[in-house]
Structures are given as C-alpha cells and as structure tokens.
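Single-structure report; data block below.
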Amino acid sequence: MNDFIARLTSAAAGAGIALGREEAEKFYLLYLMLSDSGKKMNLTAICDEDGVIMRHFVDCLTVVPFVDGCGKRVVDIGCGGGFPTLPLAIVRPGLEITAVDSTAKKLTFVDEVSKKLSLNVKTVAARAEELGAGRMRGSFDVALSRAVARMNVLCELCMPLVRVGGNFIAMKGAEGHAEIVEAENAIRTLGGELVGEKSFELPGAGGRVIAVIRKKNGTPPNYPRQYAKIKSKPL
Ligand code: SAH
C-alpha cells in the first residue's frame, strides 16, 4: 500500500494536486475494488497499477482546479465505472455529485465504492438527453464528462443539464482542440460560450484538453433531441 500511495501522491503532485494521506488511502481502496471488479464487470481495460494511477486517478484529478469555485451541484455524464466522479468525490467531499450512466450495471460499482469510502455521490441510471429534456434540466452548477462522445454530440448531452451561469467542463484527449472548433455551432446554439481551454501532456498517457463552456443563455426548448438525431445530425 505504501508504495502505491507514494507513487500516486508524487504523480498527483506532478499534475499540481496535493493529496493527503487519508485521501491517498481512499484511492488505494478504490484501486483494489477496481482491480477486483473492473475486468469482471467490464468497467475498464486498464487494471495495472501505473495505468490506473495515471490514466484514471491523475487524469481525473486534473479537472479539480476547473471545478473549484463553480458551485457544488455537479453532474458527471457517462460516468461508467465512476470517472471522474470517484476521484473528484474523494478530494472534494463538499460537492454533491450525481453520476449518470445509461448502463445501470456500471453504477452498481459506483454505489459500492461510494458506500465503502463514504462519498457524497448519487447515481442515476438514465440517458443524459432524457434527463436534460426532463426532470433534471437546468439543475446543475457544473456538468462534467470524460470519454463519452465527440464534442458536438457531448454538448447536446450535457449543456441542457446546466443552469444559466453554470459550466460544462469537457475532458478530452489529444484531438480535443479540433473537436472544440468543430463544436462551435453546438456550443452557441445550446446557449454556451467557450471561456477556457487548456492543453497539456499527461505523463506517459498522451495529450489532454480540458474545455470550459459557460452557459450564458437557456438552452432552446427543442434541445436536446432524441439520441438518434443528436448522433446522425450533430449540431
Ligand atoms: N467516463 C468514464 C466512462 C467512459 S465510457 C471514463 O472516463 O472512464 C462512456 C460511458 O458513457 C459508457 O459507460 C456509456 O454507457 C455512457 N453513455 C454513453 N452515452 C450516454 C448517454 N447518452 N447517456 C448516459 N450515458 C451514456
């Protein structure tokens, strides 16, 4: 355990995040649970120690500075096995995180971890576009998403859930900038404005881009559309 904690703490520090001992121990427990259930439940292909530390834990922690100060009602769209939800909930216990995924089975794992580590996470098994058209429209300070869809599609899944004045924060890979340019029309149509974009290297794991979109205006009532439309005719 100590070796894992030392490596995680130093990798997180390299990304500008200071982890305390208690937080690092929670990450270790999460790592054990992920190695145990991750493959069985098809949650992640990455199960080796260094891969989990860098590609799951530290990658997810890079979003923390963008979330800080944005309000506490956070929704993670397409959280899968709980990323970025679980790392964020460990280091920011004051947030109220709603973790959404259309596959209920994956959320069982997120619930188990949240219970074991006493995290403030609520899971909702639903399609994002249905929540954004219905009961959760406009009800979050922040929407987050990692590795779910291309930016122009992702905007329509996430932005309707954000209140006016809130933020949608997209965690993208090396092609992030091109995707953001391609999504310019989607961002504007859904009421948003790109207010920040940061590109960086995640050591050993390639390029990353984090985009921050502020919701300036309400999303027009005809969005989000049904998923087949979102996908076949992206904004
Ligand atoms: N964010 C996680 C999982 C990425 S895999 C991570 O970074 O590891 C993409 C996940 O998005 C899958 O679990 C899939 O079920 C979910 N998903 C895709 N489209 C969705 C939608 N429209 N609504 C809700 N979840 C969706």
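The values are calculated or read from the model by the stated rules, or taken from the named source; none is laboratory data. Keep in mind that what you see is a predicted model, and the values were worked out from it rather than measured. Reconstructed Cβ throughout: ideal geometry from the backbone, glycine too, with neighbour counts over all protein chains shown.
Here are the numbers for this structure:
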item: Yes/no for VAL63 being under 16 Å from LEU119 (Cα atoms), within 14 Å of the ligand (Cβ to nearest atom) and either out of contact with any His (no Cβ under 8 Å at 6 or more places or on another chain) or among the β-branched types (Val, Ile, Thr) (or both); result: no
item: Residues of segment 144-183 satisfying the condition of being away from the ligand (no atom under 16 Å from the Cβ) and surrounded by fewer than 20 Cβ atoms within 10 Å (Cβ to Cβ); result: ARG163, VAL164, GLY165, HIS177, ALA178, VAL181, GLU182
item: Pair list, Cβ < 8 Å and 6+ apart or interchain, from segment 222-235 residues that are farther than 15 Å from GLU130 by Cβ to residues that are in a helix (DSSP H, G or I) and small (Gly, Ala, Ser); result: PRO234/ALA186; LEU235/ALA186
item: Residue ID - farthest from CYS158 (Cα to Cα), chosen from residues in segment 107-138 that are in contact with a Leu (Cβ under 8 Å, 6 or more places away or on another chain) and part of a loop (DSSP other than H, G, I, E, B); result: LEU117
item: Hits in segment 184-213 - residues which are aliphatic (A, V, I, L, M) and surrounded by 13 or more Cβ atoms within 10 Å (Cβ to Cβ); result: ALA186, ILE187, LEU190, LEU194, LEU202, ALA205, VAL209, ILE210, ALA211, VAL212, ILE213
item: Complete set of residues in segment 184-227 that are touching a Leu at 6+ places or on another chain (Cβ under 8 Å), within 16 Å of the ligand (Cβ to nearest atom) and not in a helix (DSSP H, G or I); result: LEU190, ARG208, ALA211, THR219, TYR223, PRO224
item: GLY20 vs. criteria in contact with a helix residue (DSSP H, G or I) (Cβ under 8 Å, 6 or more places away or on another chain) and either more than 10 Å from the ligand (Cβ to nearest atom) or at pLDDT 95 or above (or both); result: no
item: Qualifying residue in segment 83-106 (condition: within 15 Å of the ligand (Cβ to nearest atom), outside any strand (DSSP E or B) and in contact with a Phe, Trp or Tyr (Cβ under 6 Å, 6 or more places away or on another chain)); result: yes
